[in-house]
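Trainee: What follows is a single structure, and I will ask about it in a moment.
The values are calculated or read from the model by the stated rules, or taken from the named source; none is laboratory data. Remember, it's a predicted structure, so these values are computed and weren't measured experimentally. Counting neighbours? That spans all protein chains shown, and the Cβs are built from the backbone with ideal geometry, glycine included.
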Amino acid sequence: MHIRKDDRVVVVGGKDRGKTGRVLRTEPQKARVYVEGLNMVKRHQRPRSIKDTQKSAQAGGIIDKEGPIHVSNVMLLDPQDQKPTRVGVRVGDDGKRVRYAKRSGNAIE
């Protein structure tokens with residue numbers, strides 16, 4: 001997968017098309033990403049014991065959380081002009097693999 005945690009992405013398909021956000025986590029085996037504040041789903045959560053709720057654990061009820069988005073429905077934002085770009089991989093000067101934005105040719109982190 002060319003998308004990693006903490007990347008800024010834009011959704012190109014689905015109900016949240018056009019929205020941008022930061023990737024919270026990825027699941028490479030399922031080719032899914034979780035983007036902050038996008039594809040929100042409601043989950044019913046059972047309340048935890050009293051000891052756990054005092055340690056800032058979530059209480060019970062209906063909670064909103066991010067749902068998975070298929071990696072083909074997101075595109076990385078080019079760090080130079082904040083527009084969607086494809087991602088390429090090339091060998092850097094030190095012999096390591098480096099991701100780069102195909103739009104501008106700049107390395108990504």
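Trainee: List the residue pairs whose Cβ atoms are under 6 Å apart, where the first residue sits in segment 74-85 and is of a type in the set (Ser, Thr, Tyr), the second is surrounded by fewer than 15 Cβ atoms within 10 Å (Cβ to Cβ), and the two are 6 or more positions apart or on different chains.
Mentor: Qualifying pairs under 6 Å: Thr85/Lys102.
Trainee: Any residue in segment 1-30 that's over 15 Å from Thr85 (Cβ atoms): show its pairings with residues that are of a type in the set (A, V, I, L, M) and surrounded by fewer than 13 Cβ atoms within 10 Å (Cβ to Cβ) at Cβ separation under 6 Å, as long as the two are six or more apart or on different chains.
Mentor: The qualifying pairs are Pro28/Met1.
Trainee: Here is a follow-up. Considering only segment 1-42, how many residues are closer than 12 Å to His70 by Cα and small (Gly, Ala, Ser)?
Mentor: Number satisfying all stated conditions: 3.
Trainee: Here's a check for you: in segment 44-84, which residue that is part of a helix (DSSP H, G or I) and modelled with pLDDT of 90 or more is surrounded by the fewest Cβ atoms within 10 Å (Cβ to Cβ)?
Mentor: Step one: filter segment 44-84 for residues part of a helix (DSSP H, G or I), giving 50-54, 71-73.
In the following step, the residues that additionally are modelled with pLDDT of 90 or more were identified as 71-73.
Values: Val71: 19, Ser72: 9, Asn73: 18.
Among those residues, the one meeting the criterion is Ser72.
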